[in-house]
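Here the structure comes first, spelled out in structure tokens, and everything after it is commentary.
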There are 2 protein chains.
Amino acid sequence: MLELVPQAYTRVDEAFDCLQTAIVKGDLIPGEKIGEVELCSRFHLTRGPLREALGRLESRGLLIRRPHAGVKVVSVSADELIELYRIRELMEGLAARQAAERMTDAEIAALRATLDTHETMIEQAQGQAYYQAEGDYDFHHRIATGSRNTKLTQMLLGDLYYMVRMYRYRLSTSSGRPHMALGEHRNIVDAIASRDGELAEFLMKRHIHAARKNIEQKIRDGELTI
Amino acid sequence: MLELVPQAYTRVDEAFDCLQTAIVKGDLIPGEKIGEVELCSRFHLTRGPLREALGRLESRGLLIRRPHAGVKVVSVSADELIELYRIRELMEGLAARQAAERMTDAEIAALRATLDTHETMIEQAQGQAYYQAEGDYDFHHRIATGSRNTKLTQMLLGDLYYMVRMYRYRLSTSSGRPHMALGEHRNIVDAIASRDGELAEFLMKRHIHAARKNIEQKIRDGELTI
DNA sequence: ATCACACGGATTGTCAACAATCCTTCAGTA
DNA sequence: TACTGAAGGATTGTTGACAATCCGTGTGAT
């Protein structure tokens, strides 16, 4: 009855995924002007689907398109990265609060399981920031959807996380403090499990605030150049 | 030298504007399934630009597109409207804080002028919610851009305000408390002018919180049915 | 030597036809 | 009568060619 179809995967989606990962992983260099035909040959696409995908990427803020002039991957400043974390602090705080009120017990259990695999990843892949970052991404992703707040989820997954992931790859560093972050994650889940929305919001805000301070420090020390 | 070109207006932009206002003003009924060819004939477009515009509208959350099945204007629940205001409360609070730190004196003067015209609008167009809503929109728009926070501006102008305007037209009501709202706006501008970011954030959050409570009350009273 | 202007090449925007997919309708059967 | 199944029509997805616009180069003048 409620079939939930695999949601036909079209060329536009294909193009979007290709370009998105290319941007996030840094295969497409920021600031570089790049033509549509070159993109087509490089990713084996035709211009129709490509153009629609470019439009979607533009509304997500990953690239800029000037009419008759071509596309450019966004080049981002250190300030803008900081601003991004300021926004995350607020929105993910709200997400955590609502997740505490609305997540099912099954979802919370799955969230805990995620943290366990994350822990083993940290131990095994020592220093491999990539996998750590993906685990972190997964954690925040689950809380966003768990908030059951349509628009909030859409904005977090559709706008902010792409950006954050892009920075992560470029700077080739996770938050740089994996063990501490994991502990903070566990505290947040505990707050959610005990249905304490206020505490969950507080902890999440502090968690992201700490991540921001960490980045600001690295920038001051010259470890991160953008 | 720094010419600031009128930024070539292409058919895609035309299509996007047409559809966006049609959705916001309610010419396109939510939930109604509508074909591409019909949209083309109705707005004098061809399918190429139309499809790109549809993609942009989809990422902005104004309509939903299922592959091979057509497009549908989003139908929105009362709960989702409330959620929207929760998000606004946080994000516009941050915008107000940063606007207080970063707006130029000229921008602040222009903001004050906006409020003056808004006041005359309220007196003249008594009860004409439409113009009141536009004035209110203008006010929040200026503060968003004044924050100088690229991503924040993009999310407010690109995601939330379209939604809010859509609801306003559909419910054919502004906040319903124009005089009080105007007073609150003036207080916010005063805080910005005295460069008190903390106060500006507080006042903005309270302003939107009040608007939300107002809407919740109306929904409870059955004045608003969505 | 520097600046302004025009021309050509290249690139993007637009269009109309073709192919792939889905939804509805209409039988047929339990 | 209600439900399953398939076929047809309609709609969307895709493609390639055409038209409009911009950028870089080269020439000329100041």
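The values are calculated or read from the model by the stated rules, or taken from the named source; none is laboratory data. Predicted, not measured: the structure shown is a model, and the values here were computed from it. Here Cβ is always computed from backbone atoms with ideal geometry, including for glycine, and neighbour counts include all displayed protein chains.
Observations on the structure shown:
- Positions within the stretch B:20-52 being without any contact (Cβ under 8 Å) to a residue 40 or more places away in the chain and of a type in the set (A, V, I, L, M), in sequence order: B:22, B:34, B:37, B:39, B:45, B:50
- Looking only at the stretch A:38-94, and only at residues there that are within 11 Å of chain B (Cβ to nearest Cβ) and among the hydroxyl-bearing types (Ser, Thr, Tyr), the one that is farthest from residue B:96 (Cα to Cα): A:59
- When we screen A:76, A:12 for residues that are modelled with pLDDT under 85 and buried (at least 16 other Cβ atoms within 10 Å of the Cβ), the only hit is A:76.
- Just one of (1) out of contact with any helix residue (DSSP H, G or I) (no Cβ under 6 Å at 6 or more places or on another chain); (2) within 14 Å of another protein chain (Cβ to nearest Cβ); (3) surrounded by fewer than 17 Cβ atoms within 10 Å (Cβ to Cβ) fails for residue B:105. It is (2).
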